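The values are calculated or read from the model by the stated rules, or taken from the named source; none is laboratory data. Keep in mind that this is a model prediction, so the values were computed, not measured. Cβ atoms come from the backbone with ideal geometry, glycine included; neighbour counts cover every protein chain shown.
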Amino acid sequence: MLAFPVDDTNSSIFFLTGFPGLEQQYPWLSIPFSCIYAMVLSGNCLVLHVIRTEPSLHEPMFYFLAMLALSDLCMGLSTVHTVLGILWGLSREVSLDACIAQTYFIHGLSLTESGVLLAMAFDRFIAICNPLRYTSILTNARIIKIGLGILGRSFMFIIAPITRLKFFHYCRPHILSHSFCLHQDLLRLACSDIRFNSFYALALVICTLFLDSVLILGSYILILHSVLAIASQEEQLKSLQTCVSHICAVLVFYIPIIGLTMVHRFGKHLSPVVLVLMGNIYIIFPPLMNPIIYSVKTQQIRSRIQRWFSMKRY
């Protein structure tokens, strides 16, 4: 069992817990985690490379997919150093400034992914419900504006609560309960007035993640209504198949969030390692699964990757 400093409340150094109770298994745990992060980085880089180099993929749907892959790639890069640093026995210490920076990027990228998934739902809605105006509505200029709007919403709105973390007084032991820094984890250690951060965070979640999920659900209700109006069953199936990848990506993103929320709300009796593992699933699972989903389910990307690897073989 690794020990933490007893009196560290006057220090600007925080300590990441890692996986409590599994310290002896860290060398073995580092193997699957290293493989997962390697897959996250290589998979999303591969998707970005395929979209960039294949002219037939220079369409709105794939531009949004590139945004999703880029946010997933950045999420992996923002957490890999602390998670593997713990498992490899390098360091569990993190300065307050570095912790706040990691918090900013983790939460900002989470909101970015939610916004991109909403934009992809809008793309599918236009493609199925108003196909004749698809190219005139989703122009390159408009896609750039949507992308900038998503980034602005994600990273501008969280500046106020994240900045306040710098000025809080942390009078409790500086021990964080995950392998990376999160806003709620730092709030738990603060003895300052955290009401603004708590209410702001709740309002932000409602206005972003919750609202995005409702709008995505609404878009698919309209899509389903439009598809059912098509006379041919073959055409109905063809239209719905174009949505399968996006639906899978939405489920991969929102199910871990719901699971983590339920565990924190009702799983007080569970082992701390369960909470830590759920936190890692929330962070790592979408960036790991999205490249796999789109490589398997999207015919254009799948055929391009197969062609690329067959050329490498010869």
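Listing for the model above:
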item	result
Of all residues in the stretch 202-223 being among the small types (Gly, Ala, Ser) and surrounded by 18 or more Cβ atoms within 10 Å (Cβ to Cβ), the one that is farthest from the chain's Cα centre (by Cα)	Ser219
Index of the failed condition, Glu54 passing every other in (1) within 21 Å of Leu176 (Cβ to Cβ); (2) more than 21 Å from the chain's Cα centre (by Cα)	(1)
Candidates Leu148, Leu176, filtered to the one that is of a type in the set (A, V, I, L, M) and surrounded by fewer than 17 Cβ atoms within 10 Å (Cβ to Cβ)	Leu148
Tally of residues being closer than 15 Å to Gln299 by Cβ and either surrounded by fewer than 17 Cβ atoms within 10 Å (Cβ to Cβ) or in contact with a Ser or Thr (Cβ under 8 Å, 6 or more places away or on another chain) (or both) across the stretch 243-270	2
Check on Gly76, buried (at least 17 other Cβ atoms within 10 Å of the Cβ) and at positive phi	no
Boolean, Ala160 is small (Gly, Ala, Ser), part of a helix (DSSP H, G or I) and in contact with a Phe, Trp or Tyr (Cβ under 8 Å, 6 or more places away or on another chain)	yes
Contacts under 6 angstrom Cβ, first residue in the stretch 70-91 being within 15 Å of Pro287 (Cα to Cα) and in contact (Cβ under 8 Å) with a residue 12 or more places away in the chain, partner hydrophobic (A, V, I, L, M, F, W, C) and surrounded by fewer than 18 Cβ atoms within 10 Å (Cβ to Cβ), 6 or more apart	Gly76/Leu41
Filter result for Pro32 (more than 22 Å from the chain's Cα centre (by Cα) and either part of a loop (DSSP other than H, G, I, E, B) or modelled with pLDDT under 95 (or both))	no
Total residues in the stretch 88-109, condition buried (at least 22 other Cβ atoms within 10 Å of the Cβ) and more than 21 Å from Leu189 (Cα to Cα)	2
Count of residues meeting criterion [buried (at least 16 other Cβ atoms within 10 Å of the Cβ) and either closer than 15 Å to Met67 by Cα or out of contact with any helix residue (DSSP H, G or I) (no Cβ under 7 Å at 6 or more places or on another chain) (or both)] in the stretch 118-137	6
